[in-house]
Structures are given as C-alpha cells and as structure tokens.
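Single-structure report; data block below.
The values are calculated or read from the model by the stated rules, or taken from the named source; none is laboratory data. Keep in mind that what you see is a predicted model, and the values were worked out from it rather than measured. Note: ideal-geometry Cβ built from the backbone for every residue, glycine included; neighbour counts use all protein chains shown. Accessible surface areas use protein heavy atoms only, side chains included; no ligands, DNA or RNA. Shrake-Rupley method; radii C 1.70, N 1.55, O 1.52, S 1.80 Å.
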Amino acid sequence: MSDDGLERCAGEHRDRRFGRRVDVHRTASSTQDLAKLAYAELGAASDGLVVTTHEQTSGRGTRGRRWWSPPGAGLALSLVVVPHRALDRPACVTQLAALGVVRAASAYGGVLRVRWPNDVVDADGAKVAGILAETLDGGRAHVIGIGVNVLVPNTPPPEELRELAGAVLALELVDIEQIAPAR
C-alpha cells in the first residue's frame, strides 16, 4: 500500500464534528455504499463519519456515471451528515461540497471553479473533482461523496474519461501529505 497519508487519518477524533471517525480501506467498491451502510447500522451516531479508500473499484457520480479512482492517485471519500433538523434545501449540499473543494485548493494557490452542479474543474475545464450527494431516510441524513484526482496516475484513465480528467497536482499546488496530513 502506498504511503499517501490516509492511514494516519484513520481512527477516532472526538474533538471534530466532521471526521470524528475516519474509516480507511485499502480497496472499496464504493465509499458511498460503505457510508450508507454505516448510517443504516448506526443511524444518527454515524454523523461526521468519513469513509475513504486508497482505491475505489466501482465509484460513481451523478446519473450513474463512473468515477475512476486508481490506487494512490486520488482522494475518494464519503461523509455522513445527520443534521439536527431536515434541511430546507438538501440539493445545496452538493454545491456546498463542491465549493469546499474549490476553497481548499485556493488555500494552496490553486484556481479551480465549480461547473454546476457537482463538478470541480481547472482553468482548462478538465474535471479534477466530482461530488455525489444522496439524501437518506426521508431527509434525515445525507451522504456526500467527494472524489478528487490528486495525482496524474501512472496508467491512463479509461477511454471515455481521457479528455475530461485533470489532476490537482498537475497544478503543482501541494503534495498528498499536505492534503491528508498526519494527525
């Protein structure tokens, strides 16, 4: 397994709301599915859970599109959010997550933008991140999937994604240790 900093993020972090518990997997079919299972088992106690993986084999985006997550080349995570009351506009969760990715990149000097409603792209329009937010349990909970292409991988993306995929480190912003630092 690559030393991409994810293992050091795993565990319990009682002083946080989001990321209170971080589950790291070597390989997962979908962090979104794992986060939804955690909510099904734990209910509100899963609030703030982050599920992440080194490699995601069946990641997905909106409208059933595929999300490519080769080993060690990106950040694939899902966050469980259980608000104290139902959100008036749950669709805003997607845009807020996308804006969060843009803001995180800008903290390191990156210039990314949101291509509404759920893509984050670089100045050339190449997709560097995608968001998939799903509402669960009649609006009581949300699972927010965030996929960020961090490195340009050694192997090329699948044919249907080649012209669209970009990577944050292609912008020469930061190294992965800065994105997923040790505790």
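Checking the a/c ratio against 1.5 first, then a/b against b/c, what shape does the Cα gyration tensor give for the stretch 1-118? Taking the square roots of the gyration eigenvalues as a ≥ b ≥ c, the stretch 1-118 is rounded. A crude spin-label estimate for the pair Tyr108 and Arg85, with each label 7 Å from Cα along the Cβ direction, gives 3.8 nm. For the stretch 12-50, the residues whose amide N sits under 19 Å from a probe point set 7 Å from the Cα of Ser58 along the beta carbon direction are 25-41. Here each label is just a point 7 Å from Cα along the line to Cβ, and for Glu41 and Cys92 those points are 3.3 nm apart. Protein heavy-atom accessible surface, 1.4 Å probe, per residue over the stretch 1-126: 55 Å². Distance between the pseudo-spin-label points of Asp137 and Arg65 (7 Å out from Cα toward the beta carbon): 3.0 nm. Among the protein heavy atoms of the stretch 1-119, carbon and sulfur supply 55% of the accessible surface, probe 1.4 Å, non-protein parts ignored.
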